[in-house]
Amino acid sequence: MKRLIAAALLSLVCVAPAWAASNPIVDAPAGKLEGRMSGEVRAFKGIPYAQAPVGALRWAPPRTVATWEGVRHADDFGPACLQFKAPPGGVYWAPPPPMSEDCLSLNIWAAPGAAKAPVIVWIHGGAFSGGSSRETLYEGTRMASKGVVVVSINYRLGVLGFLAHPGLSAESPDGLSGNYGLLDQIEALRWIQRNIAAFGGDPANVTIAGESAGGLSVAYLMAMPSARGLFAKAILQSAYTTSAAALKRLSNGTPSAEAAGEALAAKLGASDIAALRAMDAEKLTNKAAFAYFPFPTVDGKLIPRQLVDTFDRGEQAPVPLIAGFNSGEIRSLMGLAPKIPLTAAAYEKTIRANYGDLADDFLKLYPGGNMGESILSTTRDGLYGWTAMRLAVKQTALGQPSYLYIFDHGYPAMDNAELHAFHGSELPYMFGNIGRTSPYWPAIPQTPGERAMADAMVDYWVSFAASGRPRAKGAPDWPAYGAPGYFMAFQDVPKVSANLLPGVFALNERVVCRRRAAGTQPWVWNLGLAAGVVPPKVEGC
């Protein structure tokens with residue numbers, strides 16, 4: 001019996017090194033990492049790129065992680081950054097992942113033979129209050145199999161990622177606070193610059209990409225001087241360039257970010273920053289979730305000015321970009337849409353009161369005869385459509401190739417749920433993960449047509465990252481925006497057209513221009529029925 005046990009133990013010892021040897025190991029400047037194979041692609045998960053200051057140190061820039069000794073296992077995702085655990089329901093819901101206040105990790109997918117491959121860095125959405133890099137939609141195997149290195153990152157969220165407060169500003173050498181989640185993103189890009197070559201990536205050919213708050217993050221990274229040189233291209237999906245609070249003063253009708261932080265502290269019964277830091281991180285996150293809106297802050301240094309001002313001045317990163325939005329953005333975000341009035345006459349009366357001399361132009365685009373669709377389109381166009389078109393216009397003016405799209409693709413389960421091309425519905429296609437959607441997501445049929453759409457979108461995104469020109473096998477070449485205003489419509493198949501939604505950009509541009517000139521109103525959450533009185537016409541608007 002003893003000999004049998006000894007033989008069995010010896011067989012385990014002999015098998016173990018062979019199993020371990022099958023796992024990919026990379027010797028990066030940060031240290032050695034052992035990953036796993038994901039199909040034909042190497043996957044390294046849960047790699048710490050920085051340490052989030054926690055507890056008594058929370059609300060500070062990310063801290064450098066020391067180089068580790070030996071081989072670090074990188075076979076599972078790191079914890080998500082702390083966020084409110086929403087109850088089941090809604091297309092975006094998924095079981096809550098493990099969470100931690102110390103959550104700054106990233107994941108890498110790369111083909112075994114990759115060398116100087118283009119890199120796509122994915123920044124997740126979630127309104128700066130939810131989401132993580134471990135979501136199944138963002139799995140990078142399919143993209144990496146096409147010849148890019150895919151990286152997805154975590155960054156601090158909610159009150160832990162974006163709180164500004166006079167007490168925090170007083171601690172800072174620059175007198176600043178807030179924007180900690182954006183500082184995390186910059187630190188991740190710096191880590192990538194130092195380490196990605198070890199995984200086969202080219203640090204000189206990094207594309208930053210994101211959707212929703214992730215797309216807005218990309219816009220801020222383009223505008224931040226401290227992020228310059230950390231990326232070469234940008235992809236912004238359903239971004240929204242709303243006005244942001246200034247750090248220390250009332251601006252565009254919005255209280256200062258510091259004032260918002262003080263108001264939150266008062267609601268939480270915290271007399272100072274020490275009291276806030278003494279709070280349990282999870283309890284703090286949950287209590288703040290319904291009392292605080294996390295958002296970037298215009299602090300004069302990290303973010304010098306409003307995004308619209310930076311892009312008007314041509315001070316953004318001069319890089320090629322893809323920008324676009326979905327035709328049904330608001331169908332899954334009905335909280336952003338005002339209630340439908342009882343009558344078309346009531347609708348028109350409110351619009352005329354709000355828009356004055358612009359009312360006729362507004363009603364041509366969004367008539368009262370179909371108020372439900374007009375309200376959805378108003379919010380979609382003001383938040384996402386205007387932003388995407390503006391990005392294409394401004395980047396083209398810099399002499400950079402810009403590629404505009406609208407995702408207008410549907411399938412039976414989606415359309416039967418009245419969610420045609422809803423917010424985020426392009427994600428399973430552009431990642432090539434149409435079989436990996438969450439529990440309440442309308443199931444995508446595994447048909448040749450759906451697979452062909454996914455193939456085309458993966459190809460377009462990968463080729464753009466490689467060369468700055470989106471091309472796809474068996475699909476039309478995607479022309480740059482240019483003077484004709486070319487765009488790609490992802491419908492039943494990809495189709496090239498020009499002059500997207502005539503009149504939409506001009507109307508929203510005039511409204512925002514007037515609000516900027518008046519300096520007393522935010523933009524662009526206040527739209528249509530919820531617009532309030534748009535300021536009167538001024539020179540240049």
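Relative contact order of region 403-541, taken over Cα pairs closer than 8 Å and 6 or more residues apart, is 20 percent. Taking all protein chains as shown and a probe of 1.4 angstrom, Asp76 keeps an accessible surface of around 90 Å².
With a Förster radius of 35 Å applied to the beta-carbon distance between Ala483 and Ala452, the computed FRET efficiency rounds to 0.65.
The simple spin-label model puts a point 7 Å past each Cα toward its Cβ; for Arg471 and Ala198 those points are separated by 3.4 nm.
With every protein chain in place and a 1.4 angstrom probe, the accessible-area ranking of Ser226, Ser177, largest first, reads Ser226, Ser177. The heavy atoms of Ser377 present about 30 square angstrom of accessible area, all protein chains included, probe 1.4 Å. How high is the FRET efficiency from Ala345 to Trp525, r the C-beta distance, R0 35 Å, rounded to 0.05? Efficiency for this residue pair is about 0.85.
Loop only per DSSP, at most 12 neighbouring Cβ atoms within 10 Å: give me the GluC sites (Glu not before Pro) in region 366-442, ordered by residue number. Mind dumping the intermediate values first?
Working: sites: Glu373, Glu418, Glu426; in loops: Glu418, Glu426.
When the GluC sites (Glu not before Pro) of region 366-442 are filtered for loop state and at most 12 Cβ neighbours within 10 Å, Glu418 remain.
At R0 = 35 Å, how high is the FRET efficiency between Glu373 and Leu398 if r is their beta carbon distance? Nearest 0.05 is fine. Before the final figure, lay out each step's value.
Working: r = 35 Å, r/R0 = 1.01.
Between Glu373 and Leu398 the formula returns 0.50.
Which value results for Rg/Rh of region 395-507 when Rg is the Cα radius of gyration and Rh the Kirkwood radius based on the inverse mean 1/r?
Values: Rg = 14.9 Å, Rh = 15.0 Å.
Using Cα coordinates only, the ratio equals 0.99.
Note on region 438-517: with charges restricted to the Cβ of Lys and Arg (+1) and Asp and Glu (-1), its dipole about the Cα centre is near 460 debye. Hydrophobic, long helices, defined as DSSP H runs whose alpha-carbon span along the helix axis is 20 Å or greater and whose mean Kyte-Doolittle value is at least -0.5, occur in the chain at 2-21, 180-195, 448-467, 504-518.
Tell me, what is a quarter of the convex hull surface for the C-alpha atoms of the chain, in nm² with one decimal?
Values: hull surface 112.9 nm².
Directional mean of the projected Cα hull area for the chain stands at 28.2 nm².
Computed over protein heavy atoms with a 1.4 angstrom probe, the accessible surface ordering of Cys513, Cys103, largest first, is Cys513, Cys103.
How do Lys339, Lys301, Lys146, Lys537 stack up against each other in accessible area, from largest to smallest, with a 1.4 angstrom probe? Don't skip to the end; give the middle numbers.
On the way: Lys339 180, Lys301 110, Lys146 90, Lys537 145 Å².
Largest to smallest exposure gives the sequence Lys339, Lys537, Lys301, Lys146.
Want the number for Asp309 to Asp361: 0.36 nm per residue separation, take away the alpha-carbon distance, what's left? Walk me through the intermediate numbers first.
Numbers: separation 52, 0.36 × 52 = 18.72 nm, distance 2.52 nm.
Additional length available on full extension: 16.2 nm.
Projecting the Cα atoms of Ser100, Pro79, Gly113 onto the charge dipole of region 31-124 (Cβ charges, centred on the Cα centre) puts Gly113 farthest toward the positive pole.
Based on C-alpha pairs under 8 angstrom that are at least 6 apart in sequence, the chain has a relative contact order of 14 percent. Note on region 128-240: Cα-only Rg and Dmax are 15.1, 49 Å. Cα convex hull, region 287-432: 197 Å³ per residue, rounded to a whole number.
Between Asp272 and Ala170, residue separation times 0.36 nm minus the direct Cα-Cα distance comes to 35.5 nm.
Surface calculation, 1.4 Å probe, protein heavy atoms: Thr378 sits at approximately 10 Å² accessible. Between Ala518 and Ser22, the distance separating the two model label sites (each 7 Å from Cα on the Cα→Cβ line) works out to 6.7 nm. Cross-link pairs exceeding 21 Å in C-alpha to C-alpha distance, out of Lys45/Lys85; Lys146/Lys233; Lys394/Lys473; Lys146/Lys473; Lys85/Lys287, comprise Lys45/Lys85; Lys394/Lys473.
Ranked by the mean number of other Cβ atoms within 10 Å of their residues, highest first, the peptides 204-211, 227-234 fall in the order 204-211, 227-234.
To one decimal place, what orientation-averaged projected area in nm² is obtained for the convex hull of the Cα set of region 194-300?
Details: hull surface 37.2 nm².
For region 194-300, averaging the hull's shadow over all directions gives 9.3 nm².
Using helices alone, what [θ] at 222 nm do you get for the chain, with -39,500 (n - 2.57) per DSSP H run of 4 or more residues, divided over all residues and rounded to the nearest 500?
Working: 18 runs with 178 residues, N = 541.
Counting only the DSSP helices, I get -9500 deg cm²/dmol.
The values are calculated or read from the model by the stated rules, or taken from the named source; none is laboratory data. The model shown is predicted, which means the values in this text are computed figures rather than measured ones. Counting neighbours? That spans all protein chains shown, and the Cβs are built from the backbone with ideal geometry, glycine included. Heavy atoms of the whole protein, side chains included, go into the accessibility calculation; ligands, DNA and RNA do not. Shrake-Rupley method; radii C 1.70, N 1.55, O 1.52, S 1.80 Å.
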